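Asks: One structure, as structure tokens, below. Some questions next.
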Amino acid sequence: MNDIESEIKKALAEVLANGTTADDIGPDADLVDEYGLDSLQMISFLLAVEDRFDVELDYEGLDLDDLRSVRQFTGYVESLRKATLR
């Protein structure tokens, strides 16, 4: 697991606030179906990710498929970070 994935899992666990830890969250965990994030939790999660990685998510360009797993979302965040570092 890379650092970005680890931080995403920590942010998700904090937003869930139901006793789930970052270690409980698998890389293929579906953020919507498996954890049932409601709209407010999803916004809180996305804002936490922006803060942790100092990136600005493109909400209009963010596809639901990018949120289908921790692994997919990690790839999305990695691509944003690379673009920001250029």
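Asks: Quick one: Karplus J couplings for segment 45-54, per residue in order, coefficients 6.51, -1.76, 1.60, θ = phi - 60°, nearest Hz, x for Gly and Pro?
Replies: Using θ = phi - 60°, the values come out as 5, 5, 5, 5, 5, 4, 5, 5, 10, 6 Hz.
Asks: Right, another one. What 222 nm value per residue comes from the helices of the chain, counting each DSSP H run with n ≥ 4 as -39,500 (n - 2.57) and dividing by all residues, nearest 500 deg cm²/dmol?
Replies: That comes out to -17000 deg cm²/dmol.
Asks: What spacing in nm lies between the two simple spin-label points modelled at E50 and K10, each 7 Å away from Cα in the Cβ direction?
Replies: 2.0 nm
Asks: Rounded to the nearest 0.05, what FRET efficiency do N2 and D58 have when you use their Cβ-Cβ distance and R0 = 22 Å? The partial results should precede the final answer.
Replies: Working: r = 22 Å, r/R0 = 0.98.
Calculated value: 0.55.
Asks: Tell me the label only: which of (i) 27; (ii) 15; (iii) 35 is percent of Cα pairs over 22 Å apart as calculated from this structure?
Replies: Looking at percent of Cα pairs over 22 Å apart for this model, the match is (ii).
Asks: Collect residues whose amide H, placed 1.01 Å from N in the peptide plane, falls under 5 Å from the amide H of L31; neighbours closer than 5 in sequence don't count.
Replies: For L31, whose amide H was placed from the backbone, the distant partners under 5 Å are S69, V70.
Asks: Quote to one decimal, in nm, the extra length available between T20 and E78 on full extension: 0.36 nm per residue of separation minus the C-alpha distance between them.
Replies: Numbers: separation 58, 0.36 × 58 = 20.88 nm, distance 2.41 nm.
Net length gain for the segment: 18.5 nm.
Asks: How far is helix 3-16 tilted, in degrees, relative to the longest principal axis of the Cα atoms in the chain, given as a value from 0 to 90 rounded to the nearest 10?
Replies: 50 degrees
All of the numbers you see were taken from the coordinates with simple rules; none came from a lab. Just so it is clear, the model here is predicted, and its values are computed rather than measured. Glycine also receives a Cβ, built like all others from the backbone with ideal geometry; neighbour counts cover every protein chain displayed.
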